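> Here it is, the structure, as structure tokens.
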Amino acid sequence: MSKFKKKQANTKQGVPTSAMPDVVFMLLIFFMVTTVLREVELQVQIDYAVAENIEKIEQKRLVSYIYIGPERLGGGRLGETRVQIDDALVDDINAIRNIMYDKLMEQPRLIVSLRVDRDSEFGVITDVQQELRQAGTLRINYSTRRQI
Amino acid sequence: MLNRKRKRESGDIDGSSLADIAFLLLIFFLVVTTIDVDTGIGLVLPPIPDDIEPPPVRERNLMNILVNERGMVLINEQPAAIATVRERVKEFIDNNGVDPELSESPDDAIVSIKTDRRTPYNIYIDMLDEVMGAYEELRHAASMERFGVPFSSLEQGSERRAEIQEMYPKKISIAEPDEG
């Protein structure tokens, strides 16, 4: 028996894990709140354009989306440029004014977000914009990604 | 005194698996989350005119930008490079009546963008971005001069922000394209 006993710290080793569920729950709640489940099935291919001077849309409730891009066909092929609102492709461009007018009646402060493929021709977008003017939905937003 | 023989079982629920459940949910939401692109260039379309003649605009107050399908730019009928557009727009807006060819005041200045029907969308966005950039730089400069803070740090809807916005109102017109 040695006379000089090694002094050992009395503290327990190991990190206390009792607070771990709290931390995890906090992260969980954060992700639950920020998650937006995709509500529409995209039928057109969209590759966003890039811009520098962009602003955030603060109130998501006011936003309605119009998707414009080449139609997705089976097997990764792409077709003609089409317009999609909500879940359906729009066959007749002139139908847009009625659809958007109805939406405007529901939400008078509607913002229309145009999500357009970068290689689309501008003619289609003009046609859509003319329809929006007819419907009276004048606040629009061109969706773009920030330039990196 | 009666001695209780059985030890009472504890009524607590075992909480050690709580973390596992939480982790499982966390991983599910991590995978499902798509951080959406909700940024973009805002614009207000002009209403459909009800047979009222638009007010006459003096030619010096109008800057015509024409973009064709190959991304070539004409400013007031003169060819220009896309990289010089921002400077040209800034000069045009912030002229305050000095140069008789350019605008009378930022309030009168109108920038008109016109494209072909076959112009690709990203060229149009580039163009619009340059014009927006010019306005943003002017507002930034005005804000620095007046309040000593950058325009972007002024709060949304505050009086100061409105004041700067009123100094340089964005008057951008998107003309209907020609058949091309």
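Read the figures in this text as sums done on the coordinates, not as results from a lab. All values reported here derive from a predicted model rather than from experimental measurement. FYI the Cβ positions are ideal-geometry reconstructions off the backbone, even for glycines, and counts take in every protein chain you see.
> Would you mind ranking B:Ile174, B:Ile21 by Cβ crowding within 10 Å, fewest neighbours first? List each step's numbers first, then the result.
Values: B:Ile174 20, B:Ile21 13.
In order of increasing Cβ crowding within 10 Å: B:Ile21, B:Ile174.
> Under 5 Å between amide hydrogens, which residues at least 5 positions from A:Thr144 or on another chain qualify, with H placed 1.01 Å from N in the peptide plane?
Answer set, sorted by chain and number: B:Thr39, B:Gly40, B:Ile41.
> Using the membrane-span-like helix rule (whole DSSP H runs, Cα extent along the own axis of at least 15 Å, mean Kyte-Doolittle hydropathy at least 1.6), which helices of chain A qualify?
Details: long enough: A:20-34 (21 Å, 2.20); A:96-106 (16 Å, -0.33); A:122-135 (20 Å, -0.13).
The answer, listed by residue number, is A:20-34.
> Okay, moving on. Put a dot 7 Å past each Cα toward the Cβ at A:Tyr101 and B:Glu104; how far apart are the dots in nm?
Computed distance between label sites B:Glu104 and A:Tyr101 equals 3.8 nm.
> Here's a follow-up. Indicate the gyration tensor shape class of the range A:49-146 (rounded, prolate or oblate), computed on the Cα atoms with a ≥ b ≥ c the square roots of the eigenvalues: a/c under 1.5 is rounded; otherwise a/b larger than b/c is prolate and the rest oblate. Don't skip to the answer; put the middle values down first.
On the way: a/c = 1.79, a/b = 1.20, b/c = 1.49.
Here the range A:49-146 falls in the oblate category.
> Taking amide H atoms as placed 1.01 Å from N in the peptide plane, list the residues 5 or more away in sequence, or in a different chain, whose amide H sits under 5 Å from that of A:Ile111.
Hits under the 5 Å cutoff: A:Val63, A:Ser64.
> Quote the FRET efficiency, to the nearest 0.05, computed for A:Gln13 versus B:Leu18 with a Förster distance R0 of 35 Å and r equal to the Cβ-Cβ distance. Spell out each step's value before the answer.
Working: r = 24 Å, r/R0 = 0.67.
Efficiency at R0 = 35 Å is approximately 0.90.
> Here is a follow-up. Between B:Leu74 and B:Glu155, with labels modelled 7 Å along Cα→Cβ, what's the label distance in nm to one decimal, could you check?
Taking the two extended label points, one gets 4.9 nm.
> Net charge near B:Pro100: determine it from the other residues with C-beta under 12 Å of the C-beta of B:Pro100, scoring Lys and Arg +1 and Asp and Glu -1. Each step should come with its number before you reach the end.
Numbers: positive: B:Arg58, B:Arg60; negative: B:Glu59, B:Asp99, B:Glu101, B:Glu104.
So the environment of B:Pro100 carries a net charge of -2.
> What's the center-to-center distance, using Cα atoms, between the range B:61-100 and the range B:136-177 in Å?
20 Å
> Suppose we keep just the alpha-carbon trace of the protein assembly as shown; what are its Rg and Dmax in angstrom?
Expressed in Å, the Cα Rg and Dmax of the protein assembly as shown come to 29.1, 111.
> Could you go through the range B:89-96 in sequence order and give the Karplus-derived ³J(HN,Hα) for each residue, using 6.51 cos²θ - 1.76 cosθ + 1.60 with θ = phi - 60°, rounded to whole Hz, and x for Gly and Pro?
Along the range B:89-96, the couplings run 5, 4, 4, 4, 6, 8, 6, 6 Hz.
> A further question follows. In nm, what is the difference between 0.36 nm times the number of residues separating B:Glu163 and B:Leu45 and their Cα-Cα distance? Mind showing how you got there, number by number?
Working: separation 118, 0.36 × 118 = 42.48 nm, distance 2.27 nm.
This chain segment gains 40.2 nm when fully extended.
> Translational D (Stokes-Einstein, µm²/s) of chain B at 10 °C and 1.306 mPa s when Rh comes from the Kirkwood sum over C-alpha pairs?
Values: Rh = 20.9 Å.
Result for D is 76 µm²/s.
> Could you check which residue among B:Glu130, B:Glu155, B:Glu166 shows the biggest mean-square fluctuation in a GNM of chain B with a 10 Å Cα cutoff?
Maximum fluctuation in the GNM of chain B, among the listed residues, is at B:Glu155.
> Cβ neighbours within 10 Å, averaged per peptide: list B:118-129, A:50-61, B:61-72, A:78-89 in order, most packed at the top.
With the highest mean Cβ count within 10 Å placed first, the list reads B:118-129, B:61-72, A:78-89, A:50-61.
> Assigning unit charges at the beta carbon (Lys, Arg +1; Asp, Glu -1) and nothing else, what dipole magnitude in debye, to the nearest 20, does the protein assembly as shown show about its Cα centre?
Working: 41 positive and 54 negative charges, 742 e Å.
I would put it at about 3560 debye.
> Of B:Gly15, B:Met63, A:Gly79, which is farthest along the charge dipole of the protein assembly as shown in the positive direction, counting Lys and Arg as +1 and Asp and Glu as -1 at C-beta?
The residue sitting most towards the positive pole is B:Gly15.
> Under the rule of -39500 (n - 2.57) per DSSP H run of 4 or more residues, summed and divided by the residues of chain B, what mean residue ellipticity at 222 nm is obtained, to the nearest 500 deg cm²/dmol? Don't skip to the answer; put the middle values down first.
Values: 4 runs with 60 residues, N = 180.
Here the helix-only value at 222 nm equals -11000 deg cm²/dmol.
> Count the lysine pairs in the protein assembly as shown that are 8 or more places apart or on different chains: how many have C-alpha atoms under 22 angstrom apart?
Counting lysine pairs in the protein assembly as shown gives 9.
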